[in-house]
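This report concerns only the one structure given below.
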Amino acid sequence: MDQRLRHLAEQLDVGLIARREFLRKAAVVTGGAAAGLATLRTMASAQPKTKLRVWLFKSFVTNANDVLGRQIEAWAKERGVDVELDWATFGDREPKFVAAIEAGNPPDLAEMHIMGPTRYKAVLRDMSALAGDLARAKGGLLPFAETAMKIDGKFLAVARYSMTTVFFVRKDVMEAKGLKPPKVYDPDVVEFARKTQDPSKDLFGFGQTLNRSDDGDGFMENIFWDYGGGSWDKDGKPALGTTFRAQNLKALQFAVDTIQKHKIQPPGVMGWTDVSNNEAYMAGKLVTTNNGASLYYAMVTKKHELAAKTQLVLTPGGPGGSFVGSSCYNWAIFGKSKHADLCEDLIRWVEDEKRFSEYLHVSVGQAGPVYKGRVDHPYWKSDPNFEAIVQNIVRSVNYGHPGPLTSAAVEVRAQHILTDMAGRVVVGGLSPEAALKEAHARVEEIYKMRRT
Amino acid sequence: MATPAARLPASAALQRRGAGGGLARALGPDYRLGYLFVAPIVVLVLALVAYPFGYAIYLSLTRKYVGVPPVWVGFDNYVKLTWDGFFQRAVVNSFVFTFGSVAVKLALGMAMALVLTARIRFRSFWTGVLLIPWVAPTVVSALNFLWIYDYSLGVLNYLLVKVLRVLPQGVGWLSEPGTAMASVIAVNVWRGFPFFGISFLAGMKAIPAEMYEAAAVDGATALQRFRHVTLPALQNIIIIVVLLSTIWTFNDFTIIYILTKGGPGGATQVLPVLTYEIAFGAQRLGEAIAVALYMLPAMAVVIIVLARHMRRGRAR
């Protein structure tokens, strides 16, 4: 309570002032204080500190998250800006974007997944000038990254780094059997797995789920491309059960065979989530698996005994070649932001080569290059295992390959159409032909809806 | 001395007040004040329930992608869903999941209540222990079961294969057609049966002991006492608990999303997970809401029946 009011109350208690005088003086004190506070508030709001809302991707590589957070805070201090950081991981990210966009309250700046610019193009700002500047300064963008960032001729995002998958091989087991890393899935991976596995000891040659997950969906896309097929033709029209039917059937059959015929996968693999193969590999129950660099990061930072016994190699291919889809994380500014200049300044700050290098060094291979100039960064020569990461990224293709990256292609991936198809064969008992036909109908439906 | 008006009965005095008289007669003399008291909750219900619900119905009749204005398509979303095989499977799975779970929860909950009404040692302790699944956060329970069910690293296969030796090799609990749905139902049952048990327990404690004594004097066996005394006395509680659990189970998202995401191959796909996937995966909000609203009539019937039983219970 204001000291003056307390004093007045004491005077009233002991009868020094009348109740009417107490009320009059109390009103003056209270009114004066309120008027003073209001004036102070007005003066304070006359020079507000700019507030920037930034949403970041919380990756499993926690050291890199810490570095990025610190860099942004340093920028905020330097520029006198109040930055509100908000982190979202894989599962939370898209619902947060959807909710914020629909509520009309998106952040100013967001670190997005490769799907972001295609998905949210209606509400993103054209960043062509900045994206062009940065790309020129860094030797140009890798083709897959440029395609993903440039929508309808405009850059809707600034590429930052690429997260890709590579083939993890237990080097010690491979050398003990006198084998070499497999180059194609069939027959190399099958034979490699058969020779190295020992199911009686719960050791399986290959661990690759076909269940709804990033790992499963990514593998199914890759294997279809490897067999010369895919969900889309070069014009971006559905091709799953038409143009590429023969190739896709072979690819689907192979994927299913790894579980049912070749029996090189653990029996529970169809129930796996994205982390299951990481856990199984680190528990010493898999000889090979496809995964992102986060698994290697986990082993290296935990000084896990398998870190030194692991060799990362290029993702195996098939009769149609060897293809990999990689993600391209990026910065996007929402059209509603009133601080686009500040956002661009922040992007320049964190994409400065010295600062990015700091981020790169703690990422243990996860922050792959998206600019040609970063491909030759000395960091990528610091560990022989990084070679496969860089090479996989350089040859990456996008959703929609061999056609363009479209909203429909993004949705087919997001809806797990290919893994559902595999699941319908392995678990649902459908023939590959029937499952392919069913999946094609779903792709057609999405294509029609996204066109209108 | 009282005035003539003051001598009139209150209703007659109100009649003379013109237009307001009818309302006052119907709603009571303080009806204007009543409106004032009710107004805040009416505004809250309109703002927080009626408007969002109405807007959801509107959106379900549109093609609505994230970040772009909705386009009116009438009942297209509902018609499309009706013929969509994936949606049909989700409907069937939802019913299997719901009725499978509720049936087992009913049986286990009744068993729990019967055991806890019996004279057993440490009854309060066992009551507390059996309530743990109910009070544990669903996400934590589901993540634990994800580990328990794991083929290679899970404790269930370890127990069955290596400790008890009842199986020659492990089972892919969440990956095989015969076990995936049963496994997610088991988690829902584990989490939900204490609610049944504790509700039945409360009901059983309200049954007068004299009724059991009279039945025993008449020579009724334990089973007959259960059938002719316990079950009729619990009838209302059973109906309410079953209906409530049906609604909750039908809308359960967390367990299936964490354990299987509706996989493998849609084997455990249920409507709440499908709604989430279409909304946030496909980002087709109109269709997602149509999925959510499609079963609303069926759920409305359940809710109406439930509300009637609850009102009847309150009247008693």
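Values as computed for the structure displayed
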| item | result |
| --- | --- |
| Subset of region A:212-249 (residues that are free of Cβ contacts under 8 Å to residues at least 40 places away in the same chain and surrounded by fewer than 20 Cβ atoms within 10 Å (Cβ to Cβ)) | A:243, A:246 |
| Single match in A:258, A:289 (criterion: closer than 20 Å to residue A:314 by Cα, of a type in the set (Ser, Thr, Tyr), assigned to a helix (DSSP H, G or I) and out of contact with any Lys or Arg (no Cβ under 6 Å at 6 or more places or on another chain)) | A:258 |
| Verdict on residue A:340 being farther than 19 Å from residue A:222 by Cβ, in contact (Cβ under 8 Å) with a residue 24 or more places away in the chain and touching a strand residue (DSSP E or B) at 6+ places or on another chain (Cβ under 6 Å) | yes |
| The one condition in (1) part of a helix (DSSP H, G or I); (2) in contact with a Lys or Arg (Cβ under 9 Å, 6 or more places away or on another chain) that residue B:263 fails to fulfil | (1) |
| Test: residue in region A:357-364 that is among the small types (Gly, Ala, Ser), over 25 Å from residue A:260 (Cβ atoms), modelled with pLDDT of 95 or more and part of a helix (DSSP H, G or I) | yes |
| Test: residue in region A:157-167 that is away from every other protein chain (no Cβ under 14 Å), within 27 Å of the chain's Cα centre (by Cα), farther than 16 Å from residue A:315 by Cβ and of a type in the set (Gly, Ala, Ser) | yes |
| Count of region B:274-287 residues which are within 10 Å of chain A (Cβ to nearest Cβ) and without any contact (Cβ under 8 Å) to a residue 60 or more places away in the chain | 7 |
| Residue match in region B:185-196 (condition: more than 28 Å from residue A:91 (Cβ to Cβ), more than 14 Å from every other protein chain (Cβ to nearest Cβ) and among the β-branched types (Val, Ile, Thr)) | no |
| Selected residue (criterion: farthest from the other protein chains (Cβ to nearest Cβ)) from residues of region A:419-438 that are over 15 Å from residue A:271 (Cβ atoms) and in contact (Cβ under 8 Å) with a residue 60 or more places away in the chain | A:433 |
| Condition check for residue A:428: more than 30 Å from residue A:149 (Cβ to Cβ), surrounded by 24 or more Cβ atoms within 10 Å (Cβ to Cβ) and out of contact with any His (no Cβ under 7 Å at 6 or more places or on another chain) | no |
| Failed condition for residue A:335, given (1) closer than 30 Å to residue B:267 by Cβ; (2) within 14 Å of chain B (Cβ to nearest Cβ); (3) not hydroxyl-bearing (Ser, Thr, Tyr) | (1) |
| Yes/no for residue A:379 being without any contact (Cβ under 8 Å) to a residue 60 or more places away in the chain, among the hydroxyl-bearing types (Ser, Thr, Tyr) and more than 8 Å from every other protein chain (Cβ to nearest Cβ) | yes |
| Which numbered condition residue A:440 fails, given (1) within 19 Å of the chain's Cα centre (by Cα); (2) modelled with pLDDT of 95 or more | (1) |
| Residue under evaluation residue B:165, criteria (1) among the basic types (Lys, Arg); (2) in a loop (DSSP other than H, G, I, E, B); (3) under 26 Å from the mean Cα position of the chain (by Cα), criterion not met | (3) |
| Residue A:450 vs. criteria closer than 30 Å to residue A:135 by Cβ, within 10 Å of another protein chain (Cβ to nearest Cβ) and more than 19 Å from the chain's Cα centre (by Cα) | yes |
| From the options B:242, B:291, residue that is within 14 Å of another protein chain (Cβ to nearest Cβ) and touching a Leu at 6+ places or on another chain (Cβ under 9 Å) | B:291 |
| Options A:294, A:337: the member that is in a helix (DSSP H, G or I), of a type in the set (S, T, N, Q) and either over 24 Å from residue A:362 (Cβ atoms) or modelled with pLDDT under 95 (or both) | A:294 |
| Residue match in region A:209-216 (condition: within 14 Å of another protein chain (Cβ to nearest Cβ), in contact with a strand residue (DSSP E or B) (Cβ under 7 Å, 6 or more places away or on another chain) and either under 22 Å from residue B:177 (Cβ atoms) or not acidic (Asp, Glu) (or both)) | yes |
| Odd one out for residue B:126, checked against (1) modelled with pLDDT of 90 or more; (2) away from every other protein chain (no Cβ under 14 Å); (3) assigned to a helix (DSSP H, G or I); (4) surrounded by 12 or more Cβ atoms within 10 Å (Cβ to Cβ) | (1) |
| Matching residues in region B:53-77 - criterion: being exposed (fewer than 10 other Cβ atoms within 10 Å of the Cβ) and either in contact with a Cys (Cβ under 6 Å, 6 or more places away or on another chain) or within 12 Å of chain A (Cβ to nearest Cβ) (or both) | B:69 |
| Residues located in region A:245-300, provided they are of a type in the set (Lys, Arg) and more than 14 Å from residue A:223 (Cα to Cα) | A:261, A:263, A:285 |
| Single match in A:331, A:380 (criterion: assigned by TED's automatic domain parsing to the domain that holds residue A:75, hydrophobic (A, V, I, L, M, F, W, C) and closer than 30 Å to residue A:79 by Cα) | A:331 |
| Looking only at region A:406-418, and only at residues there that are more than 7 Å from every other protein chain (Cβ to nearest Cβ) and in contact with a Gly (Cβ under 7 Å, 6 or more places away or on another chain), the one that is nearest to residue B:266 (Cα to Cα) | A:409 |
| Failed condition for residue A:416, given (1) crowded, with 23+ Cβ neighbours inside 10 Å; (2) modelled with pLDDT of 95 or more | (2) |
| Candidate set from region A:107-142 (those that are within 13 Å of another protein chain (Cβ to nearest Cβ), of a type outside the set (A, V, I, L, M) and part of a loop (DSSP other than H, G, I, E, B)); member that is nearest to the chain's Cα centre (by Cα) | A:113 |
| Selected residue (only one of A:395, A:450 is in contact (Cβ under 8 Å) with a residue 24 or more places away in the chain and closer than 29 Å to residue B:77 by Cβ) | A:450 |
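Here's the yes/no breakdown for (1) surrounded by fewer than 17 Cβ atoms within 10 Å (Cβ to Cβ); (2) within 14 Å of another protein chain (Cβ to nearest Cβ); (3) in contact with a Pro (Cβ under 7 Å, 6 or more places away or on another chain):
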position	(1), (2), (3)
B:132	yes, no, no
B:139	yes, yes, no
B:155	yes, yes, no
B:170	no, yes, yes
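The values are calculated or read from the model by the stated rules, or taken from the named source; none is laboratory data. Just so it is clear, the structure is predicted and the values come from calculations on it, not from any experiment. Neighbour counts run over all protein chains shown; Cβ positions are idealised from the backbone, glycine included.
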